[in-house]
Amino acid sequence: MDKEKIISIVTEKFKLVRTENNYTQDKMAEVLGISKKTLVQIEKQRTPCGWTTTVALCALFRESSILQNAMGGDPMEVVELTAHDVIARPKERTMGGHVWWRTIQEDKGYRLQQNILSNHYRILDSESYRWFSTLNEEAALEEFTRILEENHSI
């Protein structure tokens, strides 16, 4: 998934996210730091969200079921990967990949998974903590191998 695709999804789902949270147009504009006029233009899909507004919406409404269903999980993970290409730090515990993920490889308690919507990859440990995420399949496979080798030598 690239920036344009994320912007397109957020623009399309903008009004639904606002109504999901029972926000008025005035309140949503205030929360996102945009004018009401801009908000109306986005909701009517006359203009797309900018990248900054997209990131703000994904960050502030990351628990939105609308956004999660459209992006295949945590929208901020998808945004971070798009911005940085790789996330290589342990993060919060995930739900284990039961909905939007397919397991590509599994060994020594680690799982390499691919998101079926955004197509990004991640590595989870046996307790479903995310160790690594990337959009690059080769990098995901290399990191999975490295983690397995490191784990084997302990």
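The values are calculated or read from the model by the stated rules, or taken from the named source; none is laboratory data. What you are looking at is a predicted structure, and each value in this text was computed from that prediction instead of being measured. Note that each Cβ is placed from the backbone with ideal geometry, even for glycine, and that neighbours are counted across all protein chains shown.
General observations
- So ASP85, is it more than 16 Å from LEU117 (Cα to Cα), in contact with a strand residue (DSSP E or B) (Cβ under 9 Å, 6 or more places away or on another chain) and either aromatic (Phe, Trp, Tyr) or surrounded by fewer than 15 Cβ atoms within 10 Å (Cβ to Cβ) (or both): yes
- When residues of region 52-75 are limited to those that are aliphatic (A, V, I, L, M) and under 11 Å from the mean Cα position of the chain (by Cα), the one farthest from MET1 (Cα to Cα): ALA59
- Against the list (1) at pLDDT 85 or above; (2) not assigned by TED's automatic domain parsing to the domain that holds THR11, the condition LEU67 fails is (2).
- When residues in region 13-54 are screened for being within 18 Å of MET71 (Cα to Cα) and in contact with a helix residue (DSSP H, G or I) (Cβ under 7 Å, 6 or more places away or on another chain), 12 of them pass.
- Qualifying residue in region 102-115 (condition: outside the structural domain of THR19 (by TED's automatic domain parsing), of a type outside the set (A, V, I, L, M, F, W, C) and at pLDDT below 85): no
- Just one of (1) basic (Lys, Arg); (2) surrounded by 16 or more Cβ atoms within 10 Å (Cβ to Cβ); (3) over 26 Å from ALA139 (Cα atoms) fails for LYS36. It is (2).
- Enumerated helices (runs of 4 or more DSSP H) restricted to region 8-78, each holding at least 3 residues that are closer than 19 Å to THR94 by Cα: 51-60, 65-71
- The residue list SER118, SER65, SER133 contains one member that is touching a residue at least 12 places away in the same chain (Cβ under 8 Å), surrounded by 17 or more Cβ atoms within 10 Å (Cβ to Cβ) and under 16 Å from VAL10 (Cα atoms), which is SER118.
- Among the residues of region 1-24, those identified as surrounded by 14 or more Cβ atoms within 10 Å (Cβ to Cβ), of a type outside the set (Phe, Trp, Tyr) and farther than 27 Å from SER133 by Cβ are LYS15, ARG18.
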